[in-house]
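Only one structure is covered here, and it is reproduced in the block below.
Here, each number is a calculation from the coordinates, and none is a lab measurement. Because the structure is predicted, anything quoted here is derived from the model rather than measured. Here the Cβ is made from the backbone with ideal geometry for all residues, glycine too, and neighbour counts use every protein chain on show.
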Amino acid sequence: MVTDVLMSIRPAYAEAIFDGTKTVELRRRRPSFSGGTRVLVYSSSPHQKLQGTFEVGDILADEPHLLWEKVGERTGIDREAFDAYLAGCSTAYAIEVKNPRRIEPTQLSIRPPQSYLFLRSRERGHRRLLRLAAA
């Protein structure tokens, strides 16, 4: 089942996704969605706007040093930043970014998630975001 998720990403990393220099999104916790999910990218402070979308490809999981060997050059960050972000994690996750697409930057009518939020078409605030992502 394909789902839609609103995901908070720091502005520099969101930009790197849309310019193609970042093709995996790192996470410290296992995402509870799978390949085929559409991610709506919320660029966090100071931008605080919906910036675009991408489709989830594979989700890789491994010890951080092994994950770096697999995807390090695709992360959009250097090894020092990678290690700092994942310090203390026994397992790290890399979400493959496919088909990134910018949209007109848009303020949210709902409270943005700290990590991510499943979007449901039956909720009024979510419907607007889903329409923006589909345009």
**Message:** Sequence gap at least 6, Cα distance under 8 Å: using those rules, report the relative contact order of the chain to the nearest whole percent.
**Reply:** 34 percent
**Fill in**
Per GNM of the chain with C-alpha springs under 10 angstrom, the most fluctuating residue out of A14, A61, A84 is A84
**Item:** Ranking of V71, V24 by count of other Cβ atoms within 10 Å, fewest first
**Value:** V71, V24
**Asked** Expressed as a whole number of Å, what is the distance separating the alpha-carbon centroids of the range 1-37 and the range 72-135?
**Response** 4 Å
**Item:** Computed helical MRE - 222 nm, the chain, DSSP H runs ≥ 4 contributing -39500 (n - 2.57), nearest 500
**Value:** -7000 deg cm²/dmol
